[in-house]
Amino acid sequence: MALPPPDPQFVLRGTSAAVHTLHFSCGGQERDVPILFSGSENGFIHVWNLKTHRVDAALDGHGRKSVYCVETMGGKDRLLSQGRDQRICLWDLAEGRTSVTDSVFTENVGFCRCSLLKVAQGRWLMAMAAKAMEEVQVLELPSKTSVCTLKPEVGAKLGMPMCLKLWQLNFGSQPLLLAGYEDGSVILWSLSMGKALSQLVCHQEPVMSLDFDSEKAKGISGSSEKVLSIWSLNEQQNLQVYKTHNLVNPGISDIAIRPDKKILATAGWDHRIRIFGWKKLKPLAVLDYHTATVHCVSFSDHKNPSERLLAAGSKDHRISIWSIYTQT
Amino acid sequence: QFVQEGRISAVMWEVCQQQAQAGSPDLQEALLNKIVCLPDHVSNKLQGKNPPVFFPQNYFPFLGGAVIQVLQKISDSLRGKIVSVHLVYLPVFSSTSEEILSVLLPRLTDLTKSDCIWQRICWRLVECVPDRWMEAVLLGFVQRAPGADVLSRLLGNLVVKNKKAQFVVTQKVLLLQYSHTTAVLQNLLGYLSLDSLRRALLIKVLLELLETWGSSSAVKHSPPEQQQYISKAILICLSHLKEHEIESYREELLTSMMEGVKCHLDSSLPQIRCLGMIVAESISSKINTDGPVLKFQVKVIMKFMSDVQGLEEIKALNQMMQGIIASSNTGNKERKNIYTPQTNSYLYFFYSDDDLIPYDMSEDKELKVKAPVYIRDCIEVLTGSEDVDKWDTTVKALESLVRKNPAATREVSVELAKILLHLEEKTCTEGFGELRQRAQVAVLTTDPIPVAKYLTSQFYSLNYSLRQRIDILDVLVLAAQELSYPKSHGKTKHAGAQKPCIQLLPGSDSSKDWRRIVDERIKSKTRRFGRSQVEVAAVPNEFSSVAGHFFFPLIQHFDRPLTTFDLLGEDHLVLGRLVHTLAILMYLAVNTVAVTAMGKALLEFVWALRFHTDSYVRQGLLSCISSVLLSVPKERLLEDMTEELLETQSWLGGKMGWCNTSGFVALVFVQCLFN
């Protein structure tokens, strides 16, 4: 007899706006407080203290325009946030400061979250949707120099890029970019060559979110329809569909694979978070807590596996924190 | 004692011996008649002191036993020679064949099983039966034989040799009678098909059956039981047909099928239509083994099907029917798409090295769309929305919304009625027709007068389908029923309390007090005998104010044909329904003010239609008359409607031939009124 799904470990309230993005920073030292960053529709970035479950600081840097991406750059003191005011802000949060040190004006009015990749100590690559409709631009941070601009071929009606993921096989190898587009296709770009290596049409609707496991060379994408598509990368760097999974209700807004590559979580438009085993995409649990669309899911980076958490932010202004499958 | 000592068989044996030596036929006749009539003679003589052995139910089985004994003797004596077996004239096969046969037949069945001499004896036996008894004999055999092959053994080629037998088997049993069971039919037709000589008869029978099945006058005038019987016979015949026979008669089968289908589908009774469809489908599947086959979406009359069992053809038909019904159900199942956890933790250990145990996911179902809460929202969704889920939930929620918000409904009642009348099924909702009808009834009862005006005017308008017109009639009837039914006081109070108004304190209402005081005084002063009955609180009849609005517009234009709708012409189905509806409305209008005028108008309407050809319409007319007689108070009937009543009486009295029960009742009623 299967157990009923677990309840959230705790629920963070206080954002007073829909939560669009979440990012954990719990991998620090022993004495450091585990932190969760959340970006909301009212332009605030809340810094949640996971010990006290209260907001430590609220950062206002996007002129009250919705923040739809937050990432840390090497620890909780450096934060990157992207908002609908067409800006990407870099924050310095060390020693209690809350100031924007730098910003990038993207001139892009879309919703595509940027993707960060650390390529060397102190050097980052950031991929973001560019000003022109179908293009993706890759910048190097903190220098803000453009590494390359990835343009699809003329006539390929891909639409806007919807989601990006920069990755590299090992630290130091060639960085690659996976981009999901509005027409439902996923393209693998080589940054060094600046051109597409492979294209795969995995959905009939826009690809809302994707995530990739570089060890197994397998990725998963979710769209506004009822299908989750799992694809793999073979030796020739070609994408091919590995399997598909049908859902009960259509619409996925976010997908995240846990760092230990055992499970993955999807955030659904039907207010539910679904947990699958990553190996065979076996459905494991359906977490039904939220009362509106779940916009984002994120796994924590705790060093101690038993403390690992899953966070989900929803349109109903709540962030639910779950502790699930932590024994493995 | 004479009887008991087995003298009877001795006598019969004597007769046979004599016969073989050409004795006089008259003596034999007389002797045998005496044997048969022995019980009657004895009881006449003894008048009550009749010993039980002479009672028919004992005597005749005994006689049957004696016959068997004689036959045994004959067969023994026949080993080796063929002797004429004219004897045993089957005096036994007179009016009391049942008891005799119940003894005779099982024995004969056993005896003829392997012994061909016995078979020959049996054949001779039946061949010699005089014509006046042939029918009884044959029927007895056919009814009692356990199977077609047994019948074949017993009767041989009797039907080919004997004219009377042929007539009985091919015409009388099949076409003129219809009381026999399916087993009888199977026996008979199986018997016909078993021998090549008799197969010609089988074909002849089939063609005649098809002719009857396909004739429109038969369909209109013969009772449904007979039509069912004929259809069964046709199906059984079809199953016995061989390939080459189908080939040679394909054309005839096809033509008769087409004609038959037409008359069946034209009928007003759903049973007949169903029967027609079933038979046509089976004929068509027989004659068109390749190529398109006629298919109807028929809801199978299961009883009919189960009767005609054992035929693979019927089984195949049955399966086809089930398939059709099942496929219309799976449409609904697929939409639900319930997610079931396909693995359980034990299984998982075996075929995966993932040791993550899934949680219970049975709650994971499709997200439901919320139904609208306001009537105007419903109207918007039903007229404009492309969102199919929303449309679906709106249709389901509409009736309860209408009933809960009567004030809001009254504002948009005609619009809602219009939308509902034209509403077509967009999704595969279960019970869509019923949902729509209930919503229409709810709208009509909430705001009767304008909506009734609208509906009755639309009944006579151009360009509506028959389904829609019949819908209008059904809705009017259901609403009238609801309105005329006395609702309890509590309900009406509740409906009133929903209005957000300041409620007066009850204490200040002195108008109710006098009633209470008077009641108490009466109670204290009267002595009650017997059990006191619970008095139902009197409630005003809501139908009385609107009965006229329901009734008169429907009668108004029935004789004015439109281009697409001609009540007096082709659309007699709708006319029949209209007449029945008027009867019901009349009946429900009892105790209302308009009832006299309604009754008068209805009797005139009936008078105009009294010679209509469709029996369904005539039945409706009779029920109209009954309703008038029941609803209109006697005084009004006699005063205001004397001429119409007299006319009706003369009409009914003159038509006693075709009158069925309701007509008879109506006639009696009218007679009573005038006496």
From A:179, A:265, A:217, residue being in contact with a strand residue (DSSP E or B) (Cβ under 8 Å, 6 or more places away or on another chain) and at positive phi
A:217
Could you name every one of the strands (runs of 3 or more DSSP E) located completely within segment A:266-323 that has at least 1 residues being under 17 Å from the mean Cα position of the chain (by Cα) and within 9 Å of chain B (Cβ to nearest Cβ)?
A:273-277
Could you count how many residues in segment B:517-543 are closer than 30 Å to residue B:593 by Cα, charged (D, E, K, R) and at pLDDT below 75?
1
For residue B:385, work out the one condition from (1) within 14 Å of chain A (Cβ to nearest Cβ); (2) closer than 30 Å to residue B:410 by Cα; (3) at pLDDT below 75 it doesn't fulfil.
(1)
Single condition residue B:425 does not satisfy, out of (1) without any contact (Cβ under 8 Å) to a residue 40 or more places away in the chain; (2) more than 30 Å from residue B:561 (Cα to Cα); (3) open to solvent by 70 Å² or more (accessible area, probe 1.4 Å):
(2)
Being within 19 Å of residue A:212 (Cα to Cα) and of a type outside the set (Gly, Ala, Ser), is that true of even one residue in segment A:310-322?
yes
Can we say residue B:567 is more than 14 Å from residue B:593 (Cβ to Cβ) and in contact (Cβ under 8 Å) with a residue 40 or more places away in the chain?
no
Residues of segment B:220-260 being open to solvent by less than 20 Å² (accessible area, probe 1.4 Å) and under 25 Å from residue B:571 (Cβ atoms), which ones?
B:227, B:260
Contact list please: Cβ distance under 6 Å, first residue in segment A:167-192 and buried (at least 21 other Cβ atoms within 10 Å of the Cβ), second residue among the basic types (Lys, Arg), pairs at least six apart or on different chains.
A:178/A:165
Do you know which residues across segment A:225-257 are among the polar types (S, T, N, Q) and within 14 Å of another protein chain (Cβ to nearest Cβ)?
A:246, A:249
Which of the residues that make up segment B:161-176 are under 19 Å from residue B:145 (Cα atoms) and either open to solvent by 40 Å² or more (accessible area, probe 1.4 Å) or free of Cβ contacts under 8 Å to residues at least 40 places away in the same chain (or both)?
B:165, B:166, B:168, B:169, B:170, B:172, B:173
Would it be correct to say that residue B:399 is open to solvent by 20 Å² or more (accessible area, probe 1.4 Å) and touching a residue at least 24 places away in the same chain (Cβ under 8 Å)?
yes
Would you confirm whether or not segment B:458-472 contains a residue that is in contact with a His (Cβ under 6 Å, 6 or more places away or on another chain) and surrounded by 15 or more Cβ atoms within 10 Å (Cβ to Cβ)?
yes
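The values are calculated or read from the model by the stated rules, or taken from the named source; none is laboratory data. Being a predicted model, the structure only gives us computed values, none of them experimental. No Cβ is skipped: glycine too gets one built from the backbone with ideal geometry, and neighbour counts run over all protein chains shown. Side chains included, ligands, DNA and RNA excluded: accessible areas come from the protein's heavy atoms. Shrake-Rupley method; radii C 1.70, N 1.55, O 1.52, S 1.80 Å.
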